[in-house]
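Shown next, in structure tokens, is the structure this report addresses.
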Amino acid sequence: WVLASALVSCVFTLSAQDLTMKITKRYLNLPVSHQVDRALMTFDVGGWQERVFEIRLASGKPDYWVFCDMSALKNKEIKISYTGNKTGINKIYQADEITGQDSLYKETNRPQIHYTQRRGWNNDPNGLLYYDGEYHLFYQHNPYERDWGNMHWGHAVSNDLIHWEELPIALYPDEHGTVFSGSAVIDYDNTSGFGKNGIPAMVAIYTADNPEKQVQCIAYSLDKGRTWTKYKGNPVIDSKAKWNSKDTRDPKVFWHKETRRWIMILAVGQEMQIFSSPNLKDWTYESSFGEGQGAHGGVWECPDLFELPVEGTNDKKWVLLCNLNPGGPFGGSATQYFVGTFNGKEFVNESPSKTKWMDWGKDHYATVTWSDAPDNRRIAIAWMSNWQYANDVPTSQYRSPNSVPRDLSLFTVDGETYLQSAPSPELLALRDASKKRSFKVNGTRTIKEMIPGNDGAYEIELTIENQRADVIGFRLYNDKGEEVDMQYDMKENRFSMDRRKSGDVGFNENFPALTWTAVESGKNELKLHLFVDKSSVEAFGDGGRFAMTNQVFPSEPYNHIDFYSKGGAYKVDSFIVYRLKQ
Ligand code: FRU
């Protein structure tokens, strides 16, 4: 009876401190403190567990507030219970605004030209799809904390890839698990039967993660991704039954015209598996890619597979993107790719001995591309972080941005085909006041004010002609002594970005300067394009033939630049700085 009475008193305490309210406003605001451990919160609506999630409910002073959009529960009575310290439960309140609305996007280091959700954590871009004038960006999202957990699909839309509108959460965890990464398609031919009255279904294909296994599920929407219905026959692939694998996730699906089938690429531990389906519900295993392609120490995640023309030829080749964690060029997570052929069943890598990276920075992961983008464009976006230290990034109430969108193409050097990622042309529309200069550098040349009114979001275009310099260098810095130093080493044919003093706390001593070792030899004209946005530097060389993406956390914008040369002089034909509109 001791146990029984303990249970009774526990139930009593629970119900005594539950919070019951009728939903009359748009948002529920909840206080969060990182001094407190995570515990389970439940919303009960008429005896039905509407949602269960982990949260660090602040019992004292909150670090920040998170919110739930309650539009779908308007006028319903909900009961909120919490398994942790309940002192904070009465601070939860409803309002038509989120707490701290006025200071949103004004936080130190908050990116201005990159998408970041108002609150909480994000990682991989998911379900990238263009439909009816809208680019959809779904993403891995924890609405209740700035650290990873409680995975949902957040949702934003844009008509220009630059200005994003955050929409209510698209997919919530359910009995199959939390919602991990995946993709989305428009089922124009209604192969799934989900379409209605001539409206084709938008179908999301994602991984449900639970402590036992990872399974693949689908959901559909008939209102452009605003509301979703989960398929009753989920899961559509239960890999554990076949391969006993826990790392079985991130389905990327596309329509393969030639075989008139849906194709899925699924990351399974150390390999990528290919499946096909006539209807998005029934899947047949076709082949695996990975064995014999070079062992790797991490897991592959978030694949993508698409065909691209090869610049200067009439050829087309297939590209398989495999995001590798860990094991990137600098140890952490990074985007690897393979170029080859795909016949509807099997992908064959045309050069197995070569390792290719899409971006040589430390913060470019989980890269995937938009389906059905207009004009046959293949546009990619990455999560601008790295699993090595993503949870240490010094932001207050949100983490973390995506990269700028990049248009992909293929080019060939010495018989080897590579992926080029150029900043998408839509970014041009952000250009504001600019300043152009040209000069010669022999020693050091200091420019004290790169651009007046610089608040940390700017773009630099640089064209340099080498005149026998061994090192062409420039460093961006501020009055606090924080800097990012970039160099072309002309002897080693290498570009590097040293962020040792950048103000970044997620710094890994083993990789002080990130380098790209394939500046074409004998080149005298160098073109570099930089996007700096408060807490990131994205560098694109030669129109995107190389790219390097890094987060940095200066306490104020870098507004000074020193150009320097070693071993000879060089000419800056053009140095243009644009402020970026926000
Ligand atoms: C990649 C990843 C995916 C997984 C998701 C979970 O960054 O690990 O494989 O689906 O994040 O949030």
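Any read-out appearing in this document is the output of simple, stated calculations on the displayed coordinates, not a laboratory observation. Quick caveat: nothing in here was measured; it's all calculated off a predicted structure. In this analysis, Cβ positions are derived from the backbone assuming ideal geometry, glycine residues included, and neighbour counts consider all displayed protein chains.
Quick look at the values:
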quantity: Whichever lysines have a C-alpha closer than 23 Å to that of LYS362, once near sequence neighbours (fewer than 8 apart) are set aside; calculated: LYS354, LYS501, LYS527, LYS534
quantity: Flagged links, alpha-carbon separation over 18 Å, of LYS246/LYS345; LYS25/LYS91; LYS25/LYS230; calculated: LYS246/LYS345; LYS25/LYS230
quantity: Relative contact order [Cα under 8 Å, 6+ residues apart], segment 359-416, whole percent; calculated: 34
quantity: Semi-axis lengths (Å, descending) of the ellipsoid that matches the C-alpha gyration tensor of segment 90-170; calculated: 23, 16, 13
quantity: Radius of gyration and maximum dimension Dmax of segment 232-378, Cα, Å; calculated: 15.3, 48
quantity: Relative contact order (%) - criterion: Cα under 8 Å, at least six apart; region: segment 367-507; calculated: 14
quantity: Share of alpha-carbon pairs per 5 Å distance bin for segment 33-105, given as whole %; calculated: 3, 14, 24, 25, 20, 11, 3, 0
quantity: Surrounding net charge for PHE575, when Lys and Arg each add one and Asp and Glu each subtract one, Cβ distance under 11 Å; calculated: +3
quantity: Separation between Cα centres of segment 521-582 and segment 69-94, rounded to whole Å; calculated: 48
quantity: Ordering of 85-95, 119-129 by burial proxy (mean other Cβ atoms within 10 Å per residue, highest first); calculated: 119-129, 85-95
quantity: 0 to 90° range, to nearest 10: angle between helix 2-16 axis and the chain longest Cα axis; calculated: 70
quantity: Descending semi-axes in Å of segment 161-253, equivalent ellipsoid built from Cα gyration tensor; calculated: 24, 16, 12
quantity: Cα extents of segment 359-510 along the three principal axes, largest first (Å); calculated: 49, 45, 38
quantity: Peptide ranges 153-163, 36-46 listed from the most packed, as the mean C-beta count within 10 angstrom indicates; calculated: 153-163, 36-46
quantity: Loop GluC sites (Glu not before Pro), segment 129-210, which have at most 12 other Cβ atoms in a 10 Å radius of their Cβ (DSSP); calculated: GLU175
quantity: Candidate aspartates and glutamates - alpha carbon under 18 Å from LYS86, same-chain residues fewer than 8 apart omitted; calculated: ASP18, ASP37, ASP44, GLU54, ASP63, GLU145
quantity: Percent of beta bridges antiparallel (DSSP, the chain, rounded to nearest 5); calculated: 95
quantity: Space enclosed by the convex hull of the alpha-carbon atoms of the chain, per residue, Å³; calculated: 169
